[in-house]
Every structure is written in C-alpha cells, then in structure tokens.
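In what follows, a single structure is set out as structure tokens and then discussed.
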Amino acid sequence: TDAYVRSTNNLESDFGPAQRERISDSLVPLVQGVDGVAAAEGQLQVQRAQYLDRKGKPIGDPGSGSPAFGFNWQTVEALNPYTLVPYLGETSRAPTAANEVVMDLGTAKEAGFKIGDTVTILFTNEQLPRDEFKVVGVTKFGDADRPLGATIALFTLAETQRVNATPGRLDGVLATSDPDISQAGLVDRIEQV
C-alpha cells in the first residue's frame with residue numbers, strides 16, 4: 001500500500017484513543033481516477049467478528065485476550081496482506097456472496113473447521129448480534145497462521161458494511177502507485193484531488 005486515504009475528523013472514545021470518522025465509499029472511484037494510481041480499494045474493519053466453536057462457545061476473548069476482527073477481503077492482490085491456502089485437500093477461494101467467509105488458518109486448525117463448513121459469528125451490531133456463514137477459504141497472514149493471535153473473518157465489502165451496520169461507509173481507501181511514481185508523489189497527487 002503506497003497511500004491510505006482516511007477522514008481528518010477524529011471521534012473521541014471512552015475506550016482507548018480517538019478513532020477516525022468513517023468516509024463514504026464514493027471516494028474509491030475518485031482515488032482510482034487519480035493519475036499515477038495503479039489500483040485503489042476500500043477497507044473496512046469490524047471491531048468484533050467472533051467465531052463460535054462447534055459447541056456454540058466463543059473462540060477467544062476479545063475483551064481480555066486476542067482480538068476477533070473482521071475485514072473486507074481485498075480483491076486487489078497488491079493491497080491484500082492475506083494469502084489463500086489449500087486446506088485439508090480443499091482449494092480456498094475469496095468470498096463472493098453475502099453468506100461467505102474466509103477464516104484464518106489458526107482458527108480453522110484450533111476449532112476443527114474446514115472449507116464448506118457453516119460457522120456462526122458474533123458481532124457488536126445490536127441489530128445483527130450473530131449470523132451464519134459458509135467457510136469458502138482459509139488464509140494466512142504473511143507466513144503466520146493468524147496475525148498476532150487474533151482471529152480473522154474476511155467478507156465481501158458489501159457484507160462487511162452490512163454486519164458492521166455501516167452501509168456506504170469505509171475506514172479508508174488503500175491505493176498502490178504506478179511503478180514510476182513514488183509514495184510521496186502519489187500522496188501529493190491524491191491530496192490535490
């Protein structure tokens with residue numbers, strides 16, 4: 001990622017440092033159209049996307065242990081830190097439908113899930129406290145089975161917005177530059193637009 005577009009507005013929080021206000025997903029095509037941008041894509045995080053094991057018990061403890069994050073799957077390979085891996089003889093693929101999820105390899109191993117299984121995920125969204133998804137892929141974060149012990153659920157962007165109760169909103173826009181443009185040069189061009 002050569003540039004990250006986000007809001008300049010901070011939202012104060014009683015639970016830790018201030019966070020940036022979300023931005024409109026209509027900024028993605030604007031960033032994509034900047035001269036020198038090779039690719040751009042929106043990013044959105046779900047603060048709690050906690051898997052339930054086969055007995056219905058939550059995996060991990062985001063309140064006092066490793067976090068349970070959800071994100072949208074980045075379809076642009078250069079912007080995606082996750083790598084799909086084959087698992088138990090099955091081929092992994094990216095999520096393409098609302099009821100599909102890609103699970104981190106560490107959770108799949110620990111909880112005994114495999115590609116094709118249905119898994120229940122808990123969310124912070126009060127209107128959607130939980131939902132079921134089909135595991136369509138398993139992923140690694142670089143060389144790690146999971147990033148720093150966190151569990152990861154990766155959805156389509158539209159589904160990430162739905163489970164997060166943030167339709168049309170993003171945390172930011174990731175961008176990568178053409179080979180002949182520096183990171184600083186790309187940031188300058190995006191800021192001008």
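So, in the stretch 105-125, how many residues would count as being out of contact with any helix residue (DSSP H, G or I) (no Cβ under 7 Å at 6 or more places or on another chain) and under 13 Å from VAL163 (Cβ atoms)?
So the count comes out to 4.
How many residues does the stretch 158-193 contain that are under 14 Å from ALA49 (Cβ atoms) and hydrophobic (A, V, I, L, M, F, W, C)?
The number of residues fulfilling the criteria is 2.
Go through the stretch 126-144 and give me each residue that's within 16 Å of the chain's Cα centre (by Cα) and of a type outside the set (A, V, I, L, M).
Of everything in the stretch 126-144, those that are within 16 Å of the chain's Cα centre (by Cα) and of a type outside the set (A, V, I, L, M) turn out to be PHE133, GLY137, THR139, LYS140, PHE141, GLY142.
Condition (residue is surrounded by fewer than 19 Cβ atoms within 10 Å (Cβ to Cβ) and closer than 18 Å to LEU79 by Cβ) applied to the stretch 143-151: is it met by at least one residue?
yes
Take the stretch 159-193 and flag every residue that is farther than 22 Å from LEU11 by Cα and of a type in the set (Lys, Arg).
ARG189
List every residue pair whose Cβ atoms lie under 7 Å apart, where the two residues are 6 or more positions apart in sequence or sit on different chains, the first residue falls within the stretch 125-137 and is of a type in the set (S, T, N, Q), and the second residue, located anywhere, is not in a strand (DSSP E or B).
Hits for this filter: ASN125/VAL163; ASN125/ASN164; ASN125/ALA165; GLN127/ALA165.
Check off (1) of a type outside the set (A, V, I, L, M); (2) closer than 22 Å to GLU21 by Cα; (3) in a strand (DSSP E or B) for THR176 and give me the number that stays unchecked.
(2)
With respect to THR75, determine if the residue is without any contact (Cβ under 8 Å) to a residue 40 or more places away in the chain, polar (S, T, N, Q) and over 19 Å from ALA158 (Cα atoms).
Considered against the rule, which asks whether it is without any contact (Cβ under 8 Å) to a residue 40 or more places away in the chain, polar (S, T, N, Q) and over 19 Å from ALA158 (Cα atoms), THR75 comes out as no.
Considering each of ALA49, ALA98, ALA38 in turn, give the residue that is over 19 Å from the mean Cα position of the chain (by Cα) and closer than 30 Å to GLY168 by Cβ.
So the residue among ALA49, ALA98, ALA38 that is over 19 Å from the mean Cα position of the chain (by Cα) and closer than 30 Å to GLY168 by Cβ is ALA38.
Hey, can you tell me all the residues within the stretch 150-170 that are assigned to a loop (DSSP other than H, G, I, E, B) and either under 10 Å from the mean Cα position of the chain (by Cα) or of a type in the set (Phe, Trp, Tyr) (or both)?
Selection gives THR156 alone.
Find all pairs meeting these conditions: Cβ atoms under 7 angstrom apart; at least six residues apart or on different chains; first residue within the stretch 28-43 and closer than 11 Å to ILE190 by Cα; second residue in a loop (DSSP other than H, G, I, E, B).
From residues that are closer than 11 Å to ILE190 by Cα, the pairs are LEU30/VAL193; VAL34/VAL193; GLY36/ASP178; GLY36/ILE181.
Take the residues in the stretch 165-190 that are open to solvent by 30 Å² or more (accessible area, probe 1.4 Å) and among the polar types (S, T, N, Q), then tell me which one is nearest to LEU128 (Cα to Cα).
Going through the qualifying residues, I end up with GLN183.
The values are calculated or read from the model by the stated rules, or taken from the named source; none is laboratory data. Remember, predicted model here, so these are calculated numbers, not experimental data. All Cβ positions, even for glycine, are placed from backbone atoms using ideal geometry, and neighbour counts span all protein chains on display. Heads up: the accessible areas ignore ligands, DNA and RNA and are worked out on the full protein's heavy atoms, side chains in. Shrake-Rupley method; radii C 1.70, N 1.55, O 1.52, S 1.80 Å.
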